[in-house]
Structures are given as C-alpha cells and as structure tokens.
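Right, one structure below, let's go through it.
The values are calculated or read from the model by the stated rules, or taken from the named source; none is laboratory data. Note that the structure is predicted; figures quoted are calculated from it, not measured. Reconstructed Cβ throughout: ideal geometry from the backbone, glycine too, with neighbour counts over all protein chains shown.
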Amino acid sequence: MKKNRKVKYTQKVIRESLLKLLESKKIDKITIKELCEIADINRSTFYDHYHNIYDLVNKIEKEIVEDIMNYISLDILTQEHRTEFFENIFENLKQNSLRYKLILVNPQSVNCLNHLFEKIYPYSSHLLQYKYKELSEFQIKYIYSFISRGCTQLIMSWIKNEMRESPGEMAILMDNILNGKYNY
C-alpha cells in the first residue's frame with residue numbers, strides 16, 4: 001500500500017513538473033535532465049516510470065481522454081441532444097483548462113483529441129448512418145474523419161484563444177457548423 005502511494009506521488013510530481021516546463025517550452029525542447037531537476041528526482045526514477053518524455057505525454061493524453069470520457073454522457077449523443085453533448089466536452093476542457101491547455105497546445109498532442117473522437121466514433125457513427133442512409137460504411141468513416149478533425153481544430157482554436165467563449169456558445173457553434181449553419 002505504501003509503495004503504491006509513493007509511486008502515485010512520484011508520477012504526480014513528474015507530471016506536474018512537465019506541465020510547469022510546458023508553460024515556457026515546447027515539448028521537443030524539454031530534456032529529461034531538466035524535468036528531473038524540477039521534479040527533484042534522479043533520472044533512474046524517471047525511467048522507472050516512463051521510457052522518455054513522449055511516453056510521459058502519451059500517458060497524460062490517455063488520462064485526459066479517460067477523464068473526458070468519464071465526464072461526458074454518451075447516452076445523450078443523439079441528434080436532439082448533440083449540443084448538450086458538445087457542451088459537456090467544452091465544460092470539462094474549461095474546468096481542467098490549465099492541464100489540458102498545456103498539453104493540447106503542443107503540436108504533437110493533437111493526437112489526444114483525435115483519440116477522443118476515435119473513442120466516440122462507435123456512438124456517433126449511428127447518427128451519420130441515420131442521416132446518410134445511402135452511404136457505405138467506408139464513406140461514413142471518411143465523413144466522420146473529416147468532421148472529427150474539424151472539431152479537433154475548433155477545440156484547439158478555442159483553447160489557444162484563451163477559452164473566451166462559454167462552453168455553451170462553443171457547443172452551439174459546433175452543432176451549427178455540423179448542421180450547415182454558420183452563425184451563433
């Protein structure tokens with residue numbers, strides 16, 4: 001039990017140190033040496049938990065996706081409740097803005113949101129199949145790929161823009177765009 005708490009604490013310190021470094025540096029400029037100095041650990045401790053900086057980032061990204069997936073309700077992902085679904089995603093991003101912002105604004109981390117949309121695909125593909133009955137499964141996948149990348153870029157722009165608009169405004173904007181309406 002004691003070891004488990006110590007491992008969790010060490011991983012937390014390492015992750016917080018990475019987030020601190022990301023405030024002033026891009027991920028590809030961060031070294032394990034400086035991360036270990038900030039975390040006040042030795043290199044072998046870092047390597048006990050992670051292979052390299054990108055392994056650490058990947059694990060943080062997986063946590064982010066899990067956090068969002070736990071926060072949102074996939075049951076409401078219907079045409080009638082799509083705005084509410086998007087608002088839940090934006091709300092979660094805003095509530096955890098510092099953690100997400102520092103990770104998501106790194107070019108290498110765009111995969112985090114892509115992974116989120118991949119997890120949502122089984123639930124949202126049925127909306128596309130309902131709307132476009134004449135399309136094949138592969139065509140639906142292409143459409144979803146296009147839509148999800150656009151949604152990812154919209155979220156990234158919102159984060160880079162300091163999340164000025166409310167989660168509700170962003171959810172309405174995203175839903176309107178997906179419905180072919182281009183106003184608030």
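Observations, loosely collected:
- In the set (1) at pLDDT below 80; (2) over 13 Å from GLU61 (Cβ atoms); (3) under 14 Å from the mean Cα position of the chain (by Cα), the condition left unmet by HIS126 is number (3).
- All positions within region 149-173 that are under 18 Å from ARG82 (Cβ atoms), of a type in the set (Asp, Glu) and either touching a Cys at 6+ places or on another chain (Cβ under 7 Å) or part of a loop (DSSP other than H, G, I, E, B) (or both): GLU165
- From the list LYS26, LYS6, the one residue that fits, being at pLDDT below 90 and more than 20 Å from LEU98 (Cβ to Cβ), is LYS6.
- Residues of region 138-184 that are loosely packed, with under 13 Cβ neighbours inside 10 Å and either closer than 17 Å to LEU116 by Cα or among the charged types (D, E, K, R) (or both): TYR142, PHE146, GLN153, SER157, LYS160, GLU162, ARG164, LYS181.
- Where helices (runs of 4 or more DSSP H) fall wholly inside region 19-75, the ranges with 1 or more residues that are aliphatic (A, V, I, L, M) are 32-39, 53-71.
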